[in-house]
Amino acid sequence: MTTNSQPPDSSPLNSILRQHQRRWLRHTIRVLLLLGLIIISFISVELFNIERMADGIPAIFKLMGEMLPPDFSRFPQWIEPIFDTLAMSIAGTALALGLSLPLGLLAARNTTPHPIALHSARTILNITRAIPELILGMILVAAVGFGKLPGTLALGLHSVGMVGKFFAEAIELSDQAPVEAARAVGATAPQVIVHSILPQVFPQMTDVTFYRWEYNFRASMVLGAVGAGGIGLEIISALRILKYQQVSALLIVVLAMVTLVDGFSNYLRKGFIE
C-alpha cells in the first residue's frame, strides 16, 4: 500500500517559513545599509570628534550664560518687524495657495487636460521645491532690493513646490465614484472638479495650507539674514554686534509668536474642516 505524502521540504509550512526568512533577510540588509550610511554621515560631519565636542560644549554653556538675563529694552522697536514677519508669512502663503491650486490640478493625472500640461506643471513644482527659500531670497534681494517684498516672494515661490505637490497627490487619491457619477449626468470637466473632486480634498488642502503658513512664519525669520526684513533681521543685527542678551529676548519673542500662530492656525483649521 502506497501513500502520497509530500517530502518535508516541500510542505506549505516550510515554503511559508522560507519566504518569511527571505523577507527578514532583505529587511535586515536594508537596515544594515541604512545604519552604515548614518554612521558614515556621522563621521563625515565629525559627530564622533570627541575632542572638538568636548571643547564646544563648554563654549555653548558660556554663550548661554552671556545671553542672560534677556534684554527687552528695544522691544518697542521690534513691534513693527514682528508685524512685518507676520505679514510676509500670510502674503507668501496666500501667493503660494493661488499658484498651487491650478498647478496641482494640472499636475494630477485625473484632472490634467493633456500629458504636456502634466509634465510641465510637475517640472515647475520640482524647480520651485528644489530651490531653498534662502537662496530665492538672496536672488530676489539682488533683483528687487531689500525689504519685505523679496522675502514674501521667496516664501511664496518656494511654497508653491511643496503645496502644489500635496494638492496634486490629494487630487489623484480622490474617490472616483462621485467623479463618474457627475460625468454620467453630463457634467463638464470644470463642474466635475468643483463639485466632485475639490469637496473631497478640501480638508487635506486646508491642513496643508495652514501647516505651510506656520512653516512660512518661521522661515520668514531666516530670510532676515539676507536683508528680507522682519524680526529675523533684528536677530542677525544683534548677533553681529554681540548683543547676546537682546538675542535671547528676541528668541523669547519669536517663541511666543510661533506659539500664537500655531494656536490660531489650529483654531482656523478646525473652523474650516468642521
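What is the spin-label model distance, in nm, from Asn126 to Ile79 if the labels are put 7 Å beyond Cα along the C-beta direction?
In this crude label model, Asn126 to Ile79 measures out at 4.9 nm.
Which is the longest part of the chain that has none of the chymotrypsin sites (Phe, Trp or Tyr not before Pro) sitting in a DSSP loop with at most 15 other Cβ atoms within 10 Å?
Segment 147-274 is the longest.
Pulled fully out, how much extra length does the chain show between Ala94 and Leu260, if you take 0.36 nm times their separation in residues and subtract their Cα-Cα distance?
Taking Ala94 through Leu260 to full extension adds about 57.9 nm, to one decimal.
May I ask you to derive the relative contact order of the chain, considering only C-alpha pairs under 8 Å and at least 6 residues apart, and to give it as an integer percent?
The value is 24 percent.
Evaluate the relative contact order of region 196-274 (contact order divided by residue number), counting alpha-carbon pairs under 8 angstrom at least 6 apart; express in whole percent.
35 percent
Can you give the extra length, in nm with one decimal, that the chain gains between Glu46 and Ala59 once fully stretched, where that is 0.36 nm per residue apart less the Cα-Cα distance?
3.0 nm
Give the calculated FRET efficiency between His195 and Ala117 to the nearest 0.05, with a Förster radius of 22 Å applied to their Cβ-Cβ distance.
0.55
What ³J(HN,Hα) values, in whole Hz, does the Karplus curve 6.51 cos²θ - 1.76 cosθ + 1.60 give for region 26-42 when θ = phi - 60°, with x put for Gly and Pro?
4, 4, 5, 4, 4, 5, 5, 4, 5, 5, x, 5, 5, 5, 4, 5, 4
Given a cut-off of under 8 Å on Cα pairs at least six residues apart, what relative contact order in percent is computed for region 46-202?
Rounded, it is 25 percent for region 46-202.
Quick one: in the chain, what % of C-alpha pairs are over 24 Å apart?
Across the chain, Cα pairs with separations above 24 Å total 67 percent.
Of Gln246, Gln200, Met53, whose Cα points farthest to the positive end of the dipole of the chain (charges on the beta-carbon: +1 Lys, Arg; -1 Asp, Glu; origin at the Cα centre)?
Gln200
What are the ³J(HN,Hα) values, in whole Hz, obtained from phi via the Karplus relation 6.51 cos²θ - 1.76 cosθ + 1.60 with θ = phi - 60°, for each residue of region 243-255 in sequence order, with x given for Gly and Pro?
8, 5, 5, 5, 4, 5, 5, 5, 5, 5, 4, 4, 4
Rounded to the nearest 500, what is the chain's calculated 222 nm mean residue ellipticity when only DSSP H runs of at least 4 contribute -39500 (n - 2.57) each, over all residues?
Value at 222 nm, helices only, nearest 500: -27000 deg cm²/dmol.
What list of ³J(HN,Hα) values in whole Hz, one per residue of region 152-164 in order, does the Karplus curve 6.51 cos²θ - 1.76 cosθ + 1.60 (θ = phi - 60°) give from phi, with Gly and Pro shown as x?
After applying 6.51 cos²θ - 1.76 cosθ + 1.60, I find 5, 5, 5, 4, x, 5, 5, 5, 4, x, 6, 5, x Hz.
Mind giving me the FRET efficiency for Ile16 and Leu173? R0 is 45 Å, r the Cβ-Cβ distance, nearest 0.05 is fine.
0.85
Using a simple charge model, +1 on the beta-carbon of Lys and Arg, -1 on the beta-carbon of Asp and Glu, nothing else, what dipole does the chain show about its Cα centre, in debye to the nearest 20?
My answer is approximately 580 debye.
Counting C-alpha atoms alone, how compact is region 13-157: give Rg to one decimal and Dmax as a whole number, in angstrom.
Cα radius of gyration and Dmax of region 13-157 are 25.2, 76 Å respectively.
What is the calculated FRET efficiency for Ile39 to Glu180, with r their C-beta to C-beta distance and R₀ = 45 Å, to the nearest 0.05?
Efficiency at R0 = 45 Å is approximately 0.30.
Restricting to DSSP loop positions (anything but H, G, I, E, B) with no more than 15 other Cβ atoms inside 10 Å of their own Cβ, which GluC sites (Glu not before Pro) remain in region 40-147?
Listed in order of number, the matching sites are Glu46.
Heavy-atom accessible area per residue, the chain, 1.4 Å probe: how many Å²?
Computed with neighbouring chains in place, this is 62 Å² per residue.
The values are calculated or read from the model by the stated rules, or taken from the named source; none is laboratory data. Keep in mind that what you see is a predicted model, and the values were worked out from it rather than measured. Positions of Cβ are generated from backbone atoms using ideal geometry, with glycine treated the same way; all protein chains shown enter the neighbour counts. The accessibility values were calculated without ligands, DNA or RNA, using every heavy atom of the protein model including side chains. Shrake-Rupley method; radii C 1.70, N 1.55, O 1.52, S 1.80 Å.
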